[in-house]
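The values are calculated or read from the model by the stated rules, or taken from the named source; none is laboratory data. Computed from a predicted structure; not experimentally measured. All Cβ positions, glycine included, derive from the backbone under ideal geometry; neighbour counts span all protein chains shown.
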Amino acid sequence: MNCQPLTAFFPFIAIVTTGTMLGINGAMELLFKVITPYSKRHYERPATEFLMLDKDLSNSRRAVNRGYLGELLRLYQDWHRNDVSNNYIYIRRGLLLCLKYITNIQLGRETFLGSRGMEILFTSVQDCLSCKNLDPIITTATHILRKCYPKEHLPVVTVRSSYSFPLPGNASAEPPCDSESEGEEEDEKDWDNEDVESKEEDCDLETDVNKLRSRPALDRPEQELEKYEALCAELFQNFQSEEKKSLEDRTESLPSAPSHFIPSATSVKHPNCRWRNQSVTEMGPDPGEQDFKVPLQSWRKKEECIWDKNDENRDIAEKAQDKDFCEEEDPARSHVFALCSLLKDATWYKKVFYPHCEASINPSPEGRLESSDMVRNLLEKHQGDIPFHSPCFYAARAKCVKSIPGYRELAFPDFWGHQPPPYSKPVLERKHGLQRDKVLDDVRRLIQPGDVIGRTVFDLDDPSPAAPGCLTFFSKFESGNLRKAIQVREFEYDLIMNADVNSSQHHQWFYFEVRDMKSAVPYRFNIINCEKLNSQFNYGMQLVMYSVREALQGRPRWTRAGQEICYYKNHYRCRSAAAGGGVRRRFYYTLTFSIKFPHKDDVCYLAYHYPYTYSTMMSHLDILEQNRNPKKVYWRQQTLCQTLGGNPCPLLTITAMPESKNRDHLEQFCNRPYVFLTARVHPGESNASWVMKGTLEFLVSSDPIAELLRKCFIFKIVPMLNPDGVINGNLRCSLSGDDLNRQWLTPSSQLHPTIYHAKGLLYYLSSIGRAPLVFCDYHGHSQKKNVFLYGCSIKETLWQAGCMVDTAVVTEDVGYRTLPKILDKVAPAFVMNSCSFLVEKSRASTARVVVWKEMGVLRSYTMESTYCSCSHGLYRVRIMKPCASLHQGLQLGTQELEEMGSKFCLGLLILHLKSLPCSKELMAQAALLLDLEEEITDRAQRSKEDLVM
C-alpha cells in the first residue's frame with residue numbers, strides 16, 4: 001500500500017478542530033489498518049506520525065474506548081522485540097508518543113495500567129539502557145511510566161503537622177493557602193521556562209503609581225509608639241550613674257521579658273536536657289520540668305508584654321555572679337546529664353577513647369551511670385578552638401528553650417560545635433541519566449515488589465521502639481525535622497518531613513540523627529514529600545553531614561555529603577482545601593541521595609543546610625558580650641518581646657562608645673544614623689543566620705574598620721525574627737501557621753509579636769526623625785545562586801511593566817543602587833546582576849516593601865544568600881580535566897557565609913563615606929585604613945579571575 005499521500009495531512013494534524021474532524025470521520029480506524037506488526041517496509045513512519053491525532057483529547061478518548069491503546073502496546077512490543085539492529089527507532093518512539101498523548105487523560109492512564117503497560121514499558125526500557133542511541137525511547141517511556149504510576153497519598157495519618165499549638169483568644173490556624181511563596185522573592189514556578197517566569201513576574205508588578213508612592217496610615221495609635229523609647233536608651237544615655245533610675249522608670253509600661261542572661265555554674269547544675277534515649281527515670285526528679293514542657297504562656301488582654309523594670313539590676317547581679325564562670329564551672333558535674341546515654345549507646349566510643357575506664361562504668365540502682373570522670377575527660381577533649389562557641393553556654397541556653405515537643409535531648413553538633421573545613425567543595429557533577437535511573441528504581445517497586453520491606457522504623461506519630469537490624473533515626477531536638485522513616489530495602493529508606501506547626505505544608509528543611517550504620521556501604525535516602533517544583537539539588541548542591549566520631553577525633557564539622565543526588569516529581573499526591581472552597585491537588589517531589597558513612601556504628605546527623613539553632617544564637621550572643629571591649633563597644637541586649645511560644649526575641653544595639661563624656665562627643669554619639677538589620681524570619685533559611693553571625697562578630701571585633709564603622713552608625717539588630725519556628729523545626733512559618741514575612745502590613749500583637757514590635761520600633765525611629773539609613777532583612781534562596789539584594793524602585797518597576805514614566809512627575813533618588821554596587825566589588829559571593837529592584841503586588845506585605853513605603857527608607861533591602869554556589873567571581877573555579885576545563889561554582893560553606901556578613905559591614909562603611917557628610921577626622925581615619933579606589937579596583941579584577949584547581 002502506498003502511504004505517501006498521508007504526508008499531505010501533516011500540516012492539518014496540529015490544528016485542533018481539523019484533528020477532531022479527522023478523528024470523527026474514521027481517520028484513526030484507517031490508520032490502525034495501515035500500521036502493521038514489524039516489517040522492513042518504510043510506510044509505518046508517516047502512519048505513526050499521523051497518529052499524533054491523539055494529541056486531541058477527544059481523539060484520545062476515542063482511541064481508548066475503541067481498544068486502540070492495547071493495540072498500540074502490542075505493536076510497540078512487536079517492534080521492540082524485532083528491531084534488534086535499532087534501525088527503526090523513529091517508529092518505536094512514534095508509537096510511544098501516541099501512548100504518551102493517550103495517557104494524558106485519566107481514562108487512558110487507567111486503561112494503560114489495566115493492559116499491563118507499566119510492566120511492558122519497564123521491561124523494554126531495561127533492554128535499552130545499555131545503548132545511548134536509544135535515549136529518545138528511554139526518555140519517552142520513562143515519562144509515561146512516571147505519569148501512569150498509580151497515585152497514592154503519603155503514608156501518614158494526616159498531612160498536617162505532628163505538632164499543634166493552641167492559639168490565643170479566638171484565633172485559629174489558617175487553612176493551607178492555595179499557593180506558596182518559597183522565599184522572600186521566590187515563587188513556585190517552572191524554572192525551566194524562563195519566558196513563563198518573566199511574564200508571570202511582569203503581571204505581578206505594581207503599576208499603580210499612587211500605590212507605589214503613598215504612605216499608608218499608622219497601623220496603631222500614635223501614643224503607643226512612646227513605649228519603644230526604652231528600646232532606644234542610647235538616645236537618652238549620658239553615661240552618668242544617676243541616669244539609670246530615670247531609665248528604669250521609663251521602662252515600667254513597656255513590652256519585654258526576662259533580661260539578658262549569662263549562664264552561671266548554678267544555671268547548668270540541674271539542666272533538663274538529655275542525650276538520646278535517656279528517660280526521665282534515669283534523670284531523677286526534674287525541678288524545672290514544668291517550665292520546659294509545651295509552652296504554657298498566658299496571653300494578657302493588653303496587646304503587648306511588659307518590660308521588667310528590674311532588668312538592668314538583674315543584669316548587674318548576674319554579671320557579678322558569673323564573673324569567674326569559666327574558672328568555676330565543673331563540666332563533669334554540670335554535663336553528666338547530657339552525655340550518659342551517648343556513652344551507653346556508643347560502645348565504640350568507650351572502647352576507642354577510654355578503654356581503661358570502661359570497666360568502672362556501671363549502672364547505679366537508679367539507672368544512672370556513674371561516669372563523671374569520663375565526662376570530664378570527654379569535655380577536656382573539646383579543644384576549645386571553635387571561635388565564639390562553648391558547650392557549657394550552649395547547654396545552659398538550651399535548658400531555657402520552650403518547645404512544643406518539650407525537647408529533652410541536645411543534638412551533638414549544636415552542643416559540640418562546628419569548625420569550617422579547610423577547603424571548599426565544588427558543586428557535584430551529575431551523572432548522565434541519573435534521574436531516569438532513580439525513577440525506574442521507583443517503578444521497580446511496583447513491578448517487582450518481592451524485595452520491598454516496607455517497614456516503619458521511625459514515626460513521630462507512633463513512637464514505638466526502633467526495629468532491630470536497621471538504621472536508627474531520631475529528630476526530637478532543637479530545629480530537628482523528620483516525621484517518619486520507612487525501610488524500603490536493606491540499604492534504602494523513604495523519609496517524610498514534618499509540616500510546619502499548625503500547617504499541612506512547607507516541606508523542605510530536614511535535620512535528623514541516624515546511627516547503627518555499616519561503613520563503606522551506600523545507603524539510599526528518599527525524602528518523598530518535598531514541595532518545590534525544582535531545587536538546587538538538581539544543579540550540584542549537596543546536603544550536609546556531621547559525624548560524632550569525626551568530631552571526637554578532632555574534626556568537628558559539618559561537611560557537604562551525598563552522591564547520586566537528584567530531585568523529581570513522584571507519585572504521591574495530597575488533597576487540601578483551596579482558597580474559596582473546593583479541593584486543590586498538591587504534588588510532591590522526591591529528593592534522593594546516597595551516603596557512605598565514614599565509620600561503622602557512628603552517630604551522624606544529616607541536614608538540608610548548615611543548622612543554626614536558637615540556642616546557638618543565644619549562647620553566641622552571651623560569648624560576644626563577654627569578649628567585647630566594653631571601653632570601645634557599646635552593646636545593649638534587650639528583649640524585643642516574648643514570642644508566641646514564650647521564648648524571648650533578643651534585640652541588640654551596637655555602636656562605638658563615645659570618646660569621652662564631653663558634650664560634643666555625646667552629641668556625636670546620639671546623632672549617628674541608624675542601620676536596622678533582621679534575619680531568620682523563615683526558619684529553614686539557616687544560611688541567613690550564618691551571614692548574621694559574620695556581621696555580629698565583625699561589628700564587635702577590634703578590626704580597625706569595625707571600630708570606624710561603629711563610630712559611623714548605631715546598629716539595631718534582631719538576629720532571629722522567628723525563634724519559635726527555628727526551635728520547632730519549621731521551614732517557613734511561626735506557631736500561628738503564618739509566614740511572618742507576609743504580615744508586615746497589619747501584624748497582630750498576639751499572633752505575630754516579633755513583627756508587630758519590630759515594626760513598632762521602626763515606626764518610633766521614623767516618628768522622631770531617625771528612620772534608618774539602611775534596612776536589610778537577611779534571607780536564604782533555595783533556587784538561585786549567588787548572594788544578592790532585592791530593593792524597591794518606582795521607576796524600575798514601571799519600566800519593567802512597560803508603563804510610560806513621566807520623569808517630571810515621578811522623581812526618585814537612585815541611591816538605592818549604591819550599596820549593591822559597592823558589595824559587588826568588595827564581597828566575593830555578591831553579584832550585582834542578580835539583584836532586582838522591582839515592587840511586586842504579592843510582596844506588598846513583606847518587610848522590604850513595608851519599610852520602604854511606610855517608613856520612607858530608601859535603602860530597604862532583602863539580602864538573599866544561596867544554599868548552593870556562585871555563578872560568578874572568586875567562588876567560581878576552573879576544574880582541569882584531561883580533555884577540557886570546566887567552570888564550576890564552589891558550594892558556599894559557613895566560612896563564606898560569615899565572610900558575606902562581614903563584607904556587608906565593609907559595604908556600609910563605604911556607603912557612609914560616599915553618601916553622607918563626614919568630619920575631616922573621620923575621613924582621615926578612613927584614608928589610613930582603606931584606599932577606597934584601590935580596594936574597589938582590586939576586587940573587580942579578582943572577581944574576573946578564575947582559580948585553577
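This table checks each residue for (1) in contact with a Lys or Arg (Cβ under 7 Å, 6 or more places away or on another chain); (2) under 23 Å from Leu892 (Cβ atoms); (3) surrounded by 18 or more Cβ atoms within 10 Å (Cβ to Cβ); (4) modelled with pLDDT of 95 or more.
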site	(1), (2), (3), (4)
Val514	no, no, yes, yes
Asn526	no, no, yes, yes
Asn529	no, no, yes, yes
Gln542	yes, yes, yes, yes
Met545	no, yes, yes, yes
Gly562	no, yes, yes, yes
Ser594	yes, yes, no, yes
Tyr608	no, yes, yes, yes
Tyr614	no, yes, yes, yes
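Going residue by residue through the stretch 427-436, is there one that turns out to be more than 30 Å from Ser161 (Cβ to Cβ) and not in a loop (DSSP other than H, G, I, E, B)? Yes - at least one qualifying residue is present in the stretch 427-436.
Can you confirm whether Leu99 is out of contact with any Leu (no Cβ under 6 Å at 6 or more places or on another chain), in contact (Cβ under 8 Å) with a residue 24 or more places away in the chain and of a type in the set (A, V, I, L, M, F, W, C)? No: the conditions fail for Leu99. Beta carbons closer than 9 Å, at least 6 apart along the sequence or on distinct chains, pair a first residue in the stretch 551-573 that is farther than 25 Å from Lys431 by Cβ and touching a residue at least 40 places away in the same chain (Cβ under 8 Å) with a second that is acidic (Asp, Glu) and not in a strand (DSSP E or B) for Pro556/Glu550; Arg557/Glu550. For the stretch 611-624, does any single residue satisfy the condition of being under 22 Å from Leu773 (Cβ atoms) and touching a Cys at 6+ places or on another chain (Cβ under 9 Å)? No - not one qualifying residue is present in the stretch 611-624. From the list Val675, Val633, Val681, the lone residue that is surrounded by 24 or more Cβ atoms within 10 Å (Cβ to Cβ), over 27 Å from Gly406 (Cα atoms) and in contact with a helix residue (DSSP H, G or I) (Cβ under 8 Å, 6 or more places away or on another chain) is Val675.
For beta carbons closer than 6 Å, sequence separation of 6+ or different chains, a first residue in the stretch 109-134 that is among the charged types (D, E, K, R) and a second that is part of a helix (DSSP H, G or I), the qualifying pairs are Arg109/Cys148; Glu119/Ile447. Assess whether Met541 counts as being within 18 Å of Ala485 (Cα to Cα), assigned to a loop (DSSP other than H, G, I, E, B) and touching a residue at least 60 places away in the same chain (Cβ under 8 Å). It is false that Met541 is within 18 Å of Ala485 (Cα to Cα), assigned to a loop (DSSP other than H, G, I, E, B) and touching a residue at least 60 places away in the same chain (Cβ under 8 Å).
Out of Ser766, Ser845, one residue alone is closer than 21 Å to Glu206 by Cα, surrounded by fewer than 22 Cβ atoms within 10 Å (Cβ to Cβ) and either touching a strand residue (DSSP E or B) at 6+ places or on another chain (Cβ under 9 Å) or among the hydroxyl-bearing types (Ser, Thr, Tyr) (or both). It is Ser845. The condition (being surrounded by 21 or more Cβ atoms within 10 Å (Cβ to Cβ) and over 17 Å from Phe676 (Cα atoms)) is satisfied by just one residue among Gly780, Gly802: Gly780. Restricting attention to the stretch 728-778, the residues that are of a type in the set (Val, Ile, Thr) and under 20 Å from Gln638 (Cα atoms) add up to 2. Please tell me if Asn722 is in contact with a Gly (Cβ under 8 Å, 6 or more places away or on another chain) and modelled with pLDDT of 95 or more. The answer is no for Asn722.
Per-residue answers, yes or no, for (1) part of a loop (DSSP other than H, G, I, E, B); (2) without any contact (Cβ under 8 Å) to a residue 12 or more places away in the chain:
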site	(1), (2)
Ser403	yes, no
Pro413	no, no
Tyr423	yes, yes
Pro468	yes, yes
Phe473	no, no
Ala485	no, no
Asp494	no, no
Asn498	yes, no
His506	yes, no
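Search the stretch 217-243 for residues being modelled with pLDDT under 90 and loosely packed, with under 12 Cβ neighbours inside 10 Å, and hand back the single one that is nearest to the chain's Cα centre (by Cα). Residue satisfying both the conditions and the ranking: Ala217. Entry remark, the stretch 425-469: residues being of a type in the set (Gly, Ala, Ser) and surrounded by 16 or more Cβ atoms within 10 Å (Cβ to Cβ) number 1 in total.
Put simply, of Thr643, Thr590, Thr655 the only residue that is buried (at least 18 other Cβ atoms within 10 Å of the Cβ), modelled with pLDDT of 95 or more and either closer than 27 Å to Pro387 by Cβ or aromatic (Phe, Trp, Tyr) (or both) is Thr655. Apart from one condition, Gly94 fits all of (1) of a type outside the set (Lys, Arg); (2) surrounded by 17 or more Cβ atoms within 10 Å (Cβ to Cβ); (3) modelled with pLDDT of 90 or more; the exception is (3). So, Ser766, is that one among the polar types (S, T, N, Q) and over 24 Å from Thr613 (Cα atoms) or not? Yes: the conditions hold for Ser766. Among the residues of the stretch 690-727, those that are more than 19 Å from Ala233 (Cα to Cα) and charged (D, E, K, R) comprise Lys693, Glu697, Asp703, Glu707, Asp724. In the stretch 55-84, what residues are in a helix (DSSP H, G or I) and basic (Lys, Arg)? Within the stretch 55-84, Lys55, Arg61, Arg62, Arg74, Arg81 meet the criteria.
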